[in-house]
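In what follows, a single structure is set out as structure tokens and then discussed.
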Amino acid sequence: MNFFEVRDGELHCEDVPLARIAEAVGTPVYVYSTATLERHYNVFQTAFAHRRALVAFAVKANSNLSVLRVLARLGAGADTVSEGEIRRALAAGMPPQRIVFSGMGKTAHELAFAIEAGVSEINVESEPELDLLVKIAEGLGARPAVTIRVNPDIAAGGHDKIATGKSDNKFGVSFSEAERLYAKAYASRSLNPIGVACHIGSQITDLRPMRAAFAKMRGLVQTLRAQGLPVERLDLGGGLGAPYFDQPDPPSPAQFAAMVDEALDGLDIDLVFEPGRVIAANAGVLLTSVIHIHERPNEDGHAGKRFLVVDAAMNDLVRPAMYDAFHDLRPVKTPRAGANLSAMDVVGPVCETGDTFSRDSLLPPLAPGDLAAFMTAGAYGATMSSEYNSRPLAPEVLVRGAEFAVTRPRPTYEEMLAREPFAPWLA
Ligand SMILES: *Cc1c(COP(=O)(O)O)cnc(C)c1O
């Protein structure tokens, strides 16, 4: 469910015609819907209203400060994986008691920053990290709350590059290591071990592997408690899939919550969730304009392949090139009834074959200048964008009802070049 709808023959975001945003801001541009973000957060949060649960939005999915503030005002926390993300969460108004710090290669500087910021939990992913954290905490005279991230050795489906829960992935420690590290953290006196954490992957649409992983986590909590160690928190990560085009509907947050209850089977514990994609994906689109249609005749001179060349590219939205992801492209103006569909490859202007959004998509007639929107681009879209090919970062716009605001402007070329001072001997 989202608030991108056709009204009077035109795609809108809430009450704003996308064409109006394109006119004011230019394309390509990311457009986010406040109502959709709010709805997705509330549905997720409500699914766990019967438990003590913190919903910590995974900032890496969408780190725009206004997006984070929308969620912060609803009571969301933040799952962060770098000092930069902690700074964003704080700047957006998320209290440190709702910020979780994850990541498998935190630097000493980042760990010290997180301790001083007073984040609610540092997820420790390895023994060297634990040892480093002990030293830093001692130096600061602090006793930070930590959880140990376990790798439950479960394949959860999804693309290889975003699976994190198998033992050959780089994330987390085994169950036996987790027991040992938990006891070590407890004995250190400079760390406050409060729980255990896991996160097995992203875009997960089958609840069974999650259920198996969570049941193993329940077992770990019980084992630790049986050893007399206090365990008050269980962080079950993110990973719930979002509905992309043409895919079977992923489980709803309510179904996910029912599964969690079953897997935990009455375990009394505070829960933390780190959803990213399921909150933000459907809340954003990447709005683009058609540059031209490029037709390449076959050898025999007959009509061959057709390419729809748009002004968005892999530097703006890398998921198709990187994860073989598919984003449905919807024309902003509804095609006239009975318009012929024809097969086209949708491509961007970057000089790489990888700059292909989709192959042989059936699309209505489109002309240069026509607007179209890549749907479901609110997660891992703008956050993964770059200036490859010296294309300025796509701006971000937030819509609320009939209003919209530019929440990250497109840099000018002057700004882009000014970031690179010449080496003094070249100046
Ligand atoms: C990426 C990530 C998430 C969010 O995953 P989604 O699939 O977007 O829900 C949560 N926790 C951790 C530790 C992550 O690395």
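The values are calculated or read from the model by the stated rules, or taken from the named source; none is laboratory data. These figures come from a predicted structure and were not determined experimentally. Using ideal geometry, Cβ is built from the backbone for each residue, glycine included, and neighbour counts are taken over all protein chains shown. Only protein heavy atoms, including side chains, enter the accessible area calculation; ligands, DNA and RNA are left aside. Shrake-Rupley method; radii C 1.70, N 1.55, O 1.52, S 1.80 Å.
Please list, by residue number, everything in the stretch 120-145 whose backbone N is under 20 Å from a paramagnetic label point 7 Å out along Cα→Cβ of residue 174.
Under cut-off, by backbone N: 124-131.
Based on alpha-carbon centroids, what's the gap between the stretch 172-206 and the stretch 242-305 in Å, whole number please?
Cα centroid to Cα centroid, the span is 29 Å.
Show me 24-30, 143-149, 383-389 ranked by packing, highest mean number of other Cβ atoms within 10 Å first.
Answer by packing, highest mean first, reads 143-149, 24-30, 383-389.
Express in whole angstrom the spacing between the alpha-carbon centres of the stretch 10-39 and the stretch 91-140.
Their Cα centres are 37 Å away from one another.
Starting at the first residue of the stretch 351-364, write each ³J(HN,Hα) from the Karplus equation 6.51 cos²θ - 1.76 cosθ + 1.60 with θ = phi - 60°, in whole Hz, x for Gly and Pro.
7, 7, 4, x, 7, 10, 7, 6, 10, 6, 6, 7, 10, x
What is the percent carbon and sulfur in the accessible area of the chain, measuring with a 1.4 Å probe over the protein chains and ignoring ligands?
Of all accessible area on the chain, carbon and sulfur atoms account for 52 percent.
Normalised radius of gyration for the chain, please: alpha carbon Rg relative to 2.2 N^0.38 Å, two decimal places.
1.06
Rounded to the nearest 500, what is the 222 nm mean residue ellipticity of the chain from helices alone, with -39500 (n - 2.57) per DSSP H run of 4+ residues and division by all residues?
Calculated mean residue ellipticity at 222 nm is -9000 deg cm²/dmol.
By how many nm would the segment from residue 43 to residue 387 grow when fully extended, if each residue of separation counts as 0.36 nm and the alpha-carbon distance is taken off?
Contour length minus Cα-Cα distance gives 120.3 nm.
Using the Kirkwood radius built from alpha carbon pairs, what does the Stokes-Einstein equation give as D for the stretch 199-305 at 10 °C and 1.306 mPa s, in µm² per second?
It comes out at roughly 92 µm²/s.
What base-10 log of the normalised intensity I(q)/I(0) is obtained for the stretch 1-93 from the Debye formula, alpha carbons as equal point scatterers, at q = 0.10, 0.17 Å⁻¹?
-0.33, -0.83
How big is the convex hull of the Cα atoms of the stretch 84-221, per residue, in Å³?
Hull volume over Cα atoms, normalised by residue count, gives 111 Å³.
What do you get for Rg/Rh of the stretch 1-155 when both radii come from the Cα atoms and Rh is the Kirkwood radius?
1.08
Write down, largest first, the equivalent ellipsoid semi-axes of the stretch 26-72 in whole Å, where each equals the square root of 5 times an eigenvalue of the alpha-carbon gyration tensor.
Semi-axes (√(5λ), whole Å): 25, 12, 8.
Just need log10 I(q)/I(0) for the stretch 34-278 at q = 0.08 Å⁻¹, Debye formula, equal scatterers on the alpha-carbon atoms, no solvent, rounded to two decimals.
Each listed q corresponds, in turn, to -0.27.
If we sort 412-424, 356-368, 274-286 on the protection proxy, mean other Cβ atoms within 10 Å, highest first, what's the order?
Packing proxy ranking, top to bottom: 274-286, 356-368, 412-424.
Can you give the local net charge around residue 70? Use residues other than it whose beta-carbon is closer than 15 angstrom to its beta-carbon, Lys and Arg +1, Asp and Glu -1.
+3
From the cross-link list 184/216; 135/184; 60/106, which pairs have alpha carbons spaced over 19 Å apart?
184/216
How much of residue 333 can a 1.4 Å solvent probe reach, expressed as accessible area in Å² and rounded to 10?
150
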